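Values quoted throughout were computed directly from the atomic coordinates according to the rules given, and no laboratory measurement underlies them. Since we're looking at a predicted model, the values are computed, not measured. Because the Cβ atoms are built from the backbone with ideal geometry, glycine has one as well, and the counts that use them run over all protein chains shown.
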Amino acid sequence: MPLSVGRKQQYFPCSNTATDPSEEFRISPEDYAAAEDAGTVIGVFHSHPDANSRPSPRYLAMCEATELPWHILSWPEGDFRTIVPTGNTPLLKRPFVHGAWDCWQVCADWCKREFGLEFEAGYLRLSA
């Protein structure tokens, strides 16, 4: 994780705790908490071993959800890409991403836009 610590930026390594780390990525919650204790998280950095740096729909959704830039490095090719949240996820024609851009989130986003209502984070979703 890239962090801002005082007037400096530094890298804070985090473990990938995904069930299949070669196919997806999940930051260890303990590592993320430790990163937040060490400084201000200013982005998410991860690599795509033996693949290009093109973000999946899930990564685009999670970039929006975290409201942080995501930096993707293709290894060993060395291709590097940064995606940034737009803050304007459309309600219609967004790709379905379970846990990020799913039916529940469309309803929550609509309530926020139309009525200013925000729901507690961490709504429990069943696994896909």
Pseudo-spin-label distance Phe115 to Cys103, built 7 Å along Cα→Cβ, given in nm, is 1.9 nm
Expected unfolding gain across Leu91-His46 under the 0.36 nm per residue rule, minus the alpha-carbon gap, is 13.4 nm
